[in-house]
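Taking it in order: structure first as structure tokens, then the write-up.
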Amino acid sequence: MIRINNNYNRLPGNYLFSEISKQVNEYQTKNPDTSIIRLGIGDVTKPLIPSVIKGLHDAVDEMAEASSFKGYGPEQGYAFLRELIATHDYSKRDVTIGEDEIFVSTGAKEDTANFQELFATDIKIAVPDPVYPVYVDSNVMAGRSGDYLNGRYANFVYLECNQENDYLPDLPKEPVDLIYLCFPNNPTGQTATREELKKWVEYARSNKALILYDSAYEAFIQDPSIPKTIFEIDGAREVAVEFRSLSKTAGFTGTRLSYTVIPKELVIWDETGKAYELNKLWNRRQTTKFNGTAYLIQKGAASIFSDAGKQEVQALIEYYLGNAKIIKEGLDALGISSTGGLNSPYIWLKTPKGLSSWDFFHKLLNEAQVVGTPGSGFGKCGEGYFRLSAFGERANVEEAIKRITNLSL
Ligand SMILES: *Cc1c(COP(=O)(O)O)cnc(C)c1O
């Protein structure tokens, strides 16, 4: 008899975004004449930039000729792309990252979900609350969670983020082995200062812990004092893995390209205290389970590092940040307190009059036909909060804010 991995039975039933889309579809069916504005799911709306399109076209032509056709590529990604990443994302910020420390992949979702398989099942994990659900669910599937009770898994340490601590979690009170951090944060939009990251790097160094640093939104950081990479912090090379993605940077959510940076200094240990290089372990994993990202996509991705590509990416980011500013200012004018939206495409607001996240969702849907994301879907600490995304079209964002402003809140 073929039996289920029982850990899957510990996962919460409905995935947040399926529930939202179910409710939105029901509303649309009952109210066919209304126009719904979606500021919910974190997907981009702008097309790929011209430089990327050119890179993709050129690569298609190469694939048509026997002399330039490409079959299987290196599992770690082509050298031309890894060199560009090392130079433009790191050297230019005075951070040294070797090409062989970069692993090109198809998505930060995949890599942040898969990375945990390198670690023992009984390690202690710390996750932010609210959180990008992938970190939690992938560890549940792997059997690290224990039972689910009152919105919490017994074995996880939750790093609470709320208005009181300005959405910047305190260090855990009990020792942990693996820490997930994400800045600029999804869902709160909060960013971390150098001091803040230093606190975590020092904690990890003194506890032989590892930080998995999700940097999917680094392109939105415009304030030069905010670190763009955790490797700007001294000592981070010994304790952090960084995940980056072109999904939000360059509209690659449907095109798929990301990279994971694993410094050679990183080691993890077995029960006898013997050390193992993490870079080698991930390489072993990738060469077994992954056959590389498509050549076409890597060529398209390389184009974002050209001068024209960089300008086009910056224009794209500025467009979304312009939307974020409109949302943020609209909320400010209504006296609704919020964070994010400055160096991040997300605005995390405290629901007015103490409404629950889902009550506020229904109010916006029914009375303004605006869809956002209930904060409670990201964890217990998200209750009473709500996420609006700046990834929409400008005209829709303006209309959404107008409609929210006209509500009696
Ligand atoms: C969107 C997002 C990603 C990117 O995932 P991809 O698989 O690269 O599209 C990663 N982490 C967070 C927190 C995100 O919101």
*Taking amide H positions as placed 1.01 Å from N in the peptide plane, with prolines and chain starts having none, which residues 5 or more places from ALA240, or on another chain, fall under 5 Å of its amide H?*
ILE211
*May I ask you to list the residues of segment 239-279 whose amide nitrogen lies under 20 Å from a point 7 Å from Cα along the Cα→beta-carbon direction of HIS88?*
242-262
*asked:* Are there any chymotrypsin sites (Phe, Trp or Tyr not before Pro) in segment 1-64 that are in a DSSP loop and have at most 15 other Cβ atoms within 10 Å? List them by number.
replied: TYR15
_Distance between modelled label sites at THR96 and LYS353, nm, 7 Å Cα→Cβ extension_ = 6.0 nm
*For segment 40-49, take each phi angle, set θ = phi - 60°, evaluate the Karplus expression 6.51 cos²θ - 1.76 cosθ + 1.60, and give the result in whole Hz per residue in order, putting x for glycine and proline.*
x, 4, x, 10, 7, 10, 7, x, 4, 6
_Amide proton proximity set for VAL371, modelled H, under 5 Å, gap of 5+_ = ILE37, ARG38, LEU39
_Using helices alone, I'd like the mean residue ellipticity at 222 nm for the chain: each DSSP H run of four-plus residues gives -39500 (n - 2.57), total over residue count, nearest 500._
-10000 deg cm²/dmol
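In the chain, what percentage of the DSSP-assigned beta bridges are antiparallel, given to the nearest 5?
Expressed as a percentage, antiparallel bridges in the chain total about 60.
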*Hey, with R₀ at 41 Å, roughly what FRET efficiency would ASN366 and THR193 work out to, going by the Cβ-Cβ distance, to 0.05?*
0.55
_Overall Cα dimensions of the chain - principal axes, largest extent first, Å_ = 59, 55, 53
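So for ASP359, ASP137, fewest C-beta neighbours within 10 Å to most, what's the order?
ASP359, ASP137
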*asked:* Going Cα to Cα from LYS350, which lysines come in below 23 Å? Please leave out same-chain ones fewer than 8 positions away.
replied: LYS325, LYS328, LYS363, LYS380, LYS402
*asked:* Given R₀ = 35 Å, what would the calculated FRET efficiency be for ALA395 paired with SER306, taking r from the Cβ atoms and rounding to 0.05?
replied: 0.70
*Using a simple spin-label model with points 7 Å from Cα along the Cα→Cβ vector, what separation in nm is obtained for ASP223 and GLU164?*
2.3 nm
*Compute the length gained on full extension between LYS208 and ILE2: take 0.36 nm times their separation in residues and subtract their Cα-Cα distance, giving the result in nm to one decimal.*
70.2 nm
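Among SER389, SER376, rank each residue by its count of other Cβ atoms within 10 Å, from fewest to most, as a rough exposure measure.
By the 10 Å Cβ count, ascending: SER376, SER389.
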*Can you run phi through the Karplus equation (6.51, -1.76, 1.60; θ = phi - 60°) for segment 279-291 and list ³J(HN,Hα) in whole Hz, with x for Gly and Pro?*
4, 5, 5, 5, 4, 5, 5, 5, 5, 8, 9, 9, 10
*Could you please rank ARG403, ARG244, placing first whichever residue has the fewest other Cβ atoms within 10 Å of its Cβ?*
ARG403, ARG244
*Sequence-distant or interchain residues sharing an amide H contact under 5 Å with TYR385, placed H: which?*
THR351, SER357, GLY375, SER376
*Once phi is turned into ³J(HN,Hα) by the Karplus curve 6.51 cos²θ - 1.76 cosθ + 1.60 with θ = phi - 60°, what whole-Hz value does each residue of segment 241-247 show in order, with x for glycine and proline?*
10, 10, 10, 10, 8, 8, 3
*Label point distance in nm, LYS173-SER67, each placed 7 Å from Cα along Cα→Cβ*: 7.0 nm
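We did not get these values from a lab; they are worked out from the coordinates using the rules stated. Just so it is clear, the structure is predicted and the values come from calculations on it, not from any experiment. Glycine gets a Cβ as well: all are built from the backbone with ideal geometry, and neighbour counts include every protein chain shown.
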